[in-house]
1. Just wondering, is there one or more residues in the stretch 133-147 that are modelled with pLDDT of 95 or more and in contact with a Pro (Cβ under 8 Å, 6 or more places away or on another chain)?
2. Pairs needed: first member in the stretch 98-110, within 22 Å of Asn82 (Cα to Cα) and open to solvent by 20 Å² or more (accessible area, probe 1.4 Å); second member anywhere, assigned to a helix (DSSP H, G or I) and of a type in the set (Val, Ile, Thr); C-beta distance under 7 Å; at least 6 residues apart or different chains.
3. Residues of the stretch 42-100 being within 25 Å of Phe151 (Cα to Cα), of a type in the set (Ser, Thr, Tyr) and outside any loop (DSSP other than H, G, I, E, B), which ones?
4. Before we move on, is Pro204 surrounded by 15 or more Cβ atoms within 10 Å (Cβ to Cβ), under 21 Å from the mean Cα position of the chain (by Cα), of a type outside the set (Asp, Glu) and not in a helix (DSSP H, G or I)?
5. Which residues, taken from the stretch 219-236, are over 16 Å from the mean Cα position of the chain (by Cα) and either open to solvent by less than 30 Å² (accessible area, probe 1.4 Å) or of a type in the set (A, V, I, L, M, F, W, C) (or both)?
6. Can you spot a residue in the stretch 224-232 that is more than 22 Å from Pro85 (Cα to Cα) and assigned to a loop (DSSP other than H, G, I, E, B)?
7. So in the stretch 26-41, with the set limited to residues that are assigned to a helix (DSSP H, G or I) and small (Gly, Ala, Ser), which one is most open to solvent (accessible area, probe 1.4 Å)?
8. Could you say whether any residue in the stretch 6-18 is of a type in the set (A, V, I, L, M), under 15 Å from Ile124 (Cβ atoms), open to solvent by less than 60 Å² (accessible area, probe 1.4 Å) and modelled with pLDDT of 70 or more?
Amino acid sequence: MRVYDIQYPMGLFSVSHIIFLVVLWTLAAILAFYFSKKLGYNKKLIWVCAIIGILSEIEKILFFIEGTEFGFRLPAEHLPFNMCPFQIFLIFALAVSECPKKCKILLYFMYPTMVGGGFIGMLIPSAAINFHGLVEFATYRYFIYHAMLIFLGLYLYLSKPVEYTIKSFGIASGLIFLVLILAIWLNAFFGWNPDVNFWFIVRPPVENIPVLNFNHGWLVYMLHLGWICMVLFIFCYLKEIIGEVKSIIGKIKKK
């Protein structure tokens with residue numbers, strides 16, 4: 001097992017860290033609002049995001065790839081099976097799709113997982129970020145990529161390529177549950193290796209942080225991970241949920 005000394009370059013949850021995140025989150029939201037109003041749903045913008053994602057993943061691979069006597073290998077923990085790097089495949093699929101309505105289920109899923117995943121990824125960077133110093137390009141590549149995910153997720157919602165409803169929330173929630181089950185199987189396939197840790201199933205992303213820790217065992221940790229995912233999903237679909245509640249209340253009053 002590789003031992004990480006968890007020392008985030010800017011200081012995890014420090015003032016500089018929080019300011020940096022707030023600036024990037026705000027910028028991502030402003031740009032998403034601007035481009036959704038200026039361009040509507042535009043495939044060229046999707047392609048730009050796909051290219052950013054591909055270049056980001058190439059940089060990561062080049063940094064972590066290892067030379068062996070049999071050639072080169074990428075350690076399993078750096079395969080693109082976590083939610084944020086896996087989004088590259090989904091963005092590319094969306095970019096090549098002729099009609100966004102044919103990808104509506106994909107859009108229902110991408111919106112909350114991009115916004116929520118990008119948010120968590122920047123708030124609690126994985127241990128791998130400790131390989132990079134504050135002045136290294138790779139650190140900024142990591143944050144720019146995750147900020148791009150937040151931007152694109154918001155853009156896909158605000159540009160309304162499909163209608164987002166309470167049904168969309170149900171479909172997306174069902175899919176995230178299935179993906180979590182798949183993530184448990186995937187980690188088991190790699191021997192429940194603490195270094196691999198896809199979706200933070202095996203262990204917390206960082207040691208000694210509130211809520212996401214092993215203070216009360218793995219099962220409680222997984223329950224916390226589950227409700228955090230659900231809270232993020234509810235937040236992303238809050239407008240639709242409130243609209244559905246108002247609709248139900250209105251029907252009850254008419255009766």
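1. No, the stretch 133-147 contains no residue that is modelled with pLDDT of 95 or more and in contact with a Pro (Cβ under 8 Å, 6 or more places away or on another chain).
2. Final answer for the pair search is Ile105/Ile171; Tyr108/Ile171.
3. So in the stretch 42-100, the residues within 25 Å of Phe151 (Cα to Cα) come out as 42-61, 78-100.
Going one step further and asking which of them are of a type in the set (Ser, Thr, Tyr), we end up with 56, 97.
Selection gives Ser56 alone.
4. In short, yes.
5. Within the stretch 219-236, Leu219, Val220, Tyr221, Met222, Leu223 meet the criteria.
6. No, the stretch 224-232 contains no residue that is more than 22 Å from Pro85 (Cα to Cα) and assigned to a loop (DSSP other than H, G, I, E, B).
7. The first filter runs over the stretch 26-41 and keeps only residues assigned to a helix (DSSP H, G or I), leaving 26-39.
With small (Gly, Ala, Ser) added as a condition, the list becomes 28-29, 32, 36.
Numbers: Ala28: 6, Ala29: 42, Ala32: 0, Ser36: 12 Å².
Per the stated criteria, the residue is Ala29.
8. Restricting attention to the stretch 6-18, the residues satisfying the condition of being of a type in the set (A, V, I, L, M) are 6, 10, 12, 15, 18.
Remaining after also requiring under 15 Å from Ile124 (Cβ atoms): 6, 10, 12, 18.
Narrowing the set further to residues that are open to solvent by less than 60 Å² (accessible area, probe 1.4 Å) leaves 6, 10, 12.
Filter again for modelled with pLDDT of 70 or more, leaving none.
No: the stretch 6-18 contains no residue that is of a type in the set (A, V, I, L, M), under 15 Å from Ile124 (Cβ atoms), open to solvent by less than 60 Å² (accessible area, probe 1.4 Å) and modelled with pLDDT of 70 or more.
The values are calculated or read from the model by the stated rules, or taken from the named source; none is laboratory data. The structure displayed is predicted, hence computed values, not measured ones. Virtual Cβ from ideal backbone geometry, glycine too; neighbours counted across all protein chains shown. Note: areas computed on protein heavy atoms with side chains; ligands, DNA, RNA excluded. Shrake-Rupley method; radii C 1.70, N 1.55, O 1.52, S 1.80 Å.
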